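To start, the structure itself, in structure tokens.
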Amino acid sequence: MSTQALRNSTAVWRAADSRHHFHPFTDFKGLAEEGGSRIITRAEGVWLEDSEGNRILDGMSGLWCVNVGYGRERLAKAAYDQMAALPYYNTFFKTATPPSIELSEKLAALTPEGLTRVFYASSGSEANDTIARMVRRYWKLAGRPERRNIISRTNSYHGSTMAAASLGGMQPMHALDDLPLPGFHHVRQPYWFAEGGDMDPADFGIAAARAVEDKILELGPETVAAFIGEPIQGAGGVVIPPETYWPEVQRICREHDILLIADEVICGFGRTGHWFGSDLFDIKPDMMTLAKGITSGYLPLSAVMVGDRVAETLWSMGGEFAHGFTYSGHPVACAVALENIAIMEEEKLVERVHDDTGPYLQALLQDLAEHPLVGEVRGIGFIGAVELVSDKPSRSRFSPRGRAGTLCRDHCFANGVVSRAVGDAMVLAPPLTLTRAEADELVRRLRLALDLTAADLNIR
Ligand code: PXG
């Protein structure tokens, strides 16, 4: 298409988008007033292309999900073949399909020991709703129906359905419609950079973990069903807890006999250079949430991994578990997930991020710590954050909060790289296929955006 034709079709799409399409987490009117959406039309490897022909390096893997990169013929072929053979059949009434069975077996082998059963849904939100129902069912069957309370953290993200948003600790989401639902409780997050003050990070990690115990004691241990956490908080700004945090949380959960749930929607499938965030932190969860990277985002699929303790009770005493979705175990999504995992294994993507490209990218990012705008760089594998500050020693943010981040995000986009701003933390989660040369390019563009942001803010 000619440049003029591209411009015309872009204008037509933008107008129709503004008229008819409500986007998630968006100020609808504000978006229209700013000129409407950027329209992404194609992608290959780590590169997006928009409707005006611009090439943009996707430093976010879409929304933390396109782990094997774009343009994988094998995944398109797996979907095509499965659609041709059997595009849909359900798993409700004593039926199953080969991909749903084979994927269950594969996930049981891949995830940490003891997680042996799988319940499918289509999104991380649905999977976390399923978990909320499953843990309460478990405790009822175990003769402890009063164990209904579920504890999570402020600024955690577990999804957008009513139960998942209640599990999450995002204040604007709660404010939308008077959440959390009864029985969902929140404690402080292990975000040392923002909340650690003068404390040593290790001490802060223990203090944040003890907040879980304080809440358990406040509610009464006999009323608490579960604790849920992302091994590393993603949407909250890539919050990597101090090393002391997870061991102490595990000790507390064990001591009070509380189920421990790892939400691996972002950390899972290689993001940290380990198959799961639980492997990185040596977490032994009773249940796990999987989504996003399970299919590299090529099709919607999520899974709840259920550990032996809960599984055996549901199995032996449960009778009917009255919960499920039309698309639970969708054969095409499961076939794509199997092929996606095969690609990750054959190309040794997790090992590559762990041994080679992950440390390489993190070293490049660490060089940005010297930049006058940057208060901290943190990360592991292919997940990271760059904190923008007005004063380095005191870790003070610019006011109003989020302004510097928004400026920087816009400069990133304008210079052909996607990094998401969480407040004033610039976060990164590129496809696991990113090469060293592409990592150089990503960080070069990010540095340029930082320079332009500093100029806007009169920082030198
Ligand atoms: N758990 C975690 C840890 C997530 O990150 C969900 C659950 C919910 O998954 P679904 O598939 O229902 O969206 C998520 C999703 C962002 C952003 O802007 C992050 C997510 C979703 C949308 C935007 O960082 N994470």
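The values are calculated or read from the model by the stated rules, or taken from the named source; none is laboratory data. This is a predicted model, so every value here is computed, not measured. Ideal geometry is used to build each Cβ from the backbone, glycine not excepted, and the neighbour counts take in all protein chains shown.
Below are the figures for this structure:
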{"read-out": "When residues of the range 13-47 are limited to those that are in contact with a Phe, Trp or Tyr (Cβ under 9 Å, 6 or more places away or on another chain) and within 16 Å of the ligand (Cβ to nearest atom), the one farthest from GLY381 (Cα to Cα)", "value": "PHE22"}
{"read-out": "Single unsatisfied condition, GLY358 versus (1) of a type outside the set (Phe, Trp, Tyr); (2) assigned by TED's automatic domain parsing to the domain that holds PRO430; (3) surrounded by fewer than 23 Cβ atoms within 10 Å (Cβ to Cβ)", "value": "(3)"}
{"read-out": "Residue in the range 247-262 that is closer than 23 Å to HIS330 by Cα and either under 16 Å from the mean Cα position of the chain (by Cα) or assigned by TED's automatic domain parsing to the domain that holds GLY205 (or both) present", "value": "no"}
{"read-out": "Matching helices (runs of 4 or more DSSP H) fully within the range 141-241 where at least 1 residues are among the aromatic types (Phe, Trp, Tyr)", "value": "192-195, 201-219"}
{"read-out": "Qualifying position, being within 16 Å of the ligand (Cβ to nearest atom), hydroxyl-bearing (Ser, Thr, Tyr) and under 30 Å from ASP355 (Cβ atoms), among THR272, THR244", "value": "THR272"}
{"read-out": "Filter result for GLY124 (away from the ligand (no atom under 16 Å from the Cβ), within 21 Å of the chain's Cα centre (by Cα), surrounded by 14 or more Cβ atoms within 10 Å (Cβ to Cβ) and modelled with pLDDT of 95 or more)", "value": "no"}
{"read-out": "Among residues of the range 365-400, those that are over 23 Å from the mean Cα position of the chain (by Cα), modelled with pLDDT of 95 or more and not in a loop (DSSP other than H, G, I, E, B), counted", "value": "6"}
{"read-out": "Evaluation of LEU442 against (1) more than 16 Å from the ligand (Cβ to nearest atom); (2) closer than 22 Å to TRP275 by Cα (one fails), failing number", "value": "(2)"}
{"read-out": "Residue list for the range 175-199, restricted to those being among the basic types (Lys, Arg) and touching a Leu at 6+ places or on another chain (Cβ under 9 Å)", "value": "none"}
{"read-out": "Residue under evaluation SER100, criteria (1) under 22 Å from the mean Cα position of the chain (by Cα); (2) surrounded by 18 or more Cβ atoms within 10 Å (Cβ to Cβ), criterion not met", "value": "(1)"}
{"read-out": "Where ALA291 falls short, out of the listed (1) within 16 Å of the ligand (Cβ to nearest atom); (2) without any contact (Cβ under 8 Å) to a residue 24 or more places away in the chain", "value": "(2)"}
